[in-house]
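Here it is, the structure in full.
The values are calculated or read from the model by the stated rules, or taken from the named source; none is laboratory data. Here the structure is a predicted model, which is why all the values come from computation and not from measurement. Cβ: placed from backbone, ideal geometry, glycine included. Neighbour counts: every protein chain shown. Accessible surface areas use protein heavy atoms only, side chains included; no ligands, DNA or RNA. Shrake-Rupley method; radii C 1.70, N 1.55, O 1.52, S 1.80 Å.
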Amino acid sequence: MKLDVDVLRYLSKEDFRVLTAVEMGMRNHEIVPSDLIDRIASLKHGGTYKVLKNLLKHKLLHHDSSKYDGFRLTYLGYDFLAIKTMVNRGVFTAVGRQIGVGKESDIFEVAREDGTVMAMKLHRLGRTSFRAVKSKRDYLRHRSSYNWLYLSRLAALKEFAFMKALEEHGFPVPNAVDCNRHCVVMSLIQGYPLVQVKQLQNPETVFETILGLIVRLAEHGLIHCDFNEFNIMIDDDEKVTMIDFPQMVSVSHRNAQMYFDRDIECIFKFFGKRFNLSFEECSDDIDDSEVDTDESGRPSFSSITKTTGFLDKELAASGFTRKDQDDIQKFIEGDVVEDDVSDEEHEPELCRANIKSFNSLHLDQEEPTSSCNEEGQVDQNHHTPEAGQGGDSESQNSSNEEEDNQNADENDAELMKSLAKQRRRAMAAARKGRKNIASRNSYKDKGGKSSNNSKIQKQLSSW
């Protein structure tokens, strides 16, 4: 959706009040009811519905009446809320042209009052390409839907936290200025993406610098996970700057080695194809460092140790909380545990518990007979005078068993009667208050011979 900032000039305070009301309602509603929007906005004289019509005309809201009459924010409405907040804070005063677009974000130029040009990145998770990846790889598993605006806000917050921390540790990254909702404002890099560069004066030096950045990140406890020619900026002096950080993970991640090797392979493949770089000379320079290399000259992940710092742990407290990290990890990695599996795991345990309790009841009923048999065996072994009464005890046991069976049958019959009685009462209670409706095929005799005969029979029976 194209960002038309001209509409922003003509929006009033009431318009932004209703937009904020819809945003607040989307915390626990996918489609916010119109009545709830009216109560949150609290505009006089029914002004909410008039404002909703105006916002719908500018495509800042989406109307849905499939189940009930409600609205939800579009990315354009979310953009306006973030831009309005940034302008009120004094971060920038003007929005310029679009300088970048991707499957997950759009980048625009913004300017301050003094004329300083910066970059504004608007995260837009949920586009067609991203939805296709989600459906093929089953990111959300049992979740049928998810709020893309919320995920975009988490991605922006995470990128802002990584950018701040990496800048403090001397990494070549843009200067993070401010963050609000799904919007991140940063300094504008005066350079070009590496994918657009056709030739370099010193490709070996740039190659070694990029590999050194990957290894240095790993020594700080982080892996970029998307370190390729699209996320590397280079200026006229061949100074390298890395961008795009929402997907960064820790070296203690279960797939850390795979991500590290993939970043290394992307750089080797690009420089080999674009600049026809021979990696034998470069591998000699890499061998001089403390990091071990394999046979092809690529840095080895197992030889890297976190000797410089623990950024992966420090970033948990740098504005990106643990709860936010868990939410976005469920989305990115699909580590959501299905409730159905846990329920199925508990069901056998409940069944076993019921079986045990059922068996214990039967064992309690059979204990007297078993104890009698044990006593009889003990008496026979000791040859006491009471041993001669074994036949009598067996006959008594058999008669007791017959009596128990009869009592059990009587109890079962009484139980069946009580159950039938309760069922009749329930059916009568359910039918209470209902009129008996005759079927359409039933014959209704109105004043015929049969009705006269029935009257005569009733009179005879009364006599």
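Could you list, in sequence order, all residues of the range 240-256 that are touching a His at 6+ places or on another chain (Cβ under 7 Å) and open to solvent by 40 Å² or more (accessible area, probe 1.4 Å)?
none
Within the range 176-205, track down each residue that is under 34 Å from the mean Cα position of the chain (by Cα), polar (S, T, N, Q) and over 21 Å from residue 226 (Cβ atoms).
Once the filter is applied, which keeps residues that are under 34 Å from the mean Cα position of the chain (by Cα), polar (S, T, N, Q) and over 21 Å from residue 226 (Cβ atoms), the range 176-205 yields only 180.
If I filter the range 58-91 down to residues being closer than 14 Å to residue 30 by Cα and of a type in the set (Gly, Ala, Ser), which single residue comes out as most open to solvent (accessible area, probe 1.4 Å)?
Per the stated criteria, the residue is 66.
Sort out for me the helices (runs of 4 or more DSSP H) sitting completely within the range 1-41 that have 3 or more residues that are among the β-branched types (Val, Ile, Thr), out of contact with any Cys (no Cβ under 8 Å at 6 or more places or on another chain) and closer than 16 Å to residue 73 by Cα. First the steps, then the outcome.
Numbers: elements: 6-9, 13-25, 34-41.
Qualifying helices (runs of 4 or more DSSP H): 13-25.
Sticking with this one: Inside the range 58-86, can you point out the residues that are over 23 Å from residue 106 (Cβ atoms) and either assigned to a helix (DSSP H, G or I) or in contact (Cβ under 8 Å) with a residue 24 or more places away in the chain (or both)?
Residues of the range 58-86 over 23 Å from residue 106 (Cβ atoms): 63-71.
Once the filter is applied, which keeps residues that are over 23 Å from residue 106 (Cβ atoms) and either assigned to a helix (DSSP H, G or I) or in contact (Cβ under 8 Å) with a residue 24 or more places away in the chain (or both), the range 58-86 yields 64, 67, 68, 69, 70, 71.
What are the residues in the range 180-196 that are buried (at least 17 other Cβ atoms within 10 Å of the Cβ), in contact with a helix residue (DSSP H, G or I) (Cβ under 6 Å, 6 or more places away or on another chain) and among the hydrophobic types (A, V, I, L, M, F, W, C), if any?
183, 184, 194
All but one of (1) modelled with pLDDT of 90 or more; (2) surrounded by 12 or more Cβ atoms within 10 Å (Cβ to Cβ) hold for residue 124; state the number of the condition that does not hold.
Only one criterion is unmet by residue 124, namely (1).
Considering the range 226-239 alone, what residues qualify as being open to solvent by 10 Å² or more (accessible area, probe 1.4 Å) and not charged (D, E, K, R)? Reasoning before the result, please.
The initial filter retains those residues of the range 226-239 that are open to solvent by 10 Å² or more (accessible area, probe 1.4 Å), namely 226, 228-231, 233, 235-239.
Hits for the range 226-239 are 228, 230, 231, 233.
Separate question: So is residue 50 assigned to a helix (DSSP H, G or I), modelled with pLDDT of 90 or more, within 21 Å of residue 184 (Cβ to Cβ) and of a type in the set (Lys, Arg) or not? Don't jump to the end; show me each part of the working.
On the way: assigned to a helix (DSSP H, G or I): yes; modelled with pLDDT of 90 or more: yes; within 21 Å of residue 184 (Cβ to Cβ): no; of a type in the set (Lys, Arg): yes.
So residue 50 does not fit the description; no.
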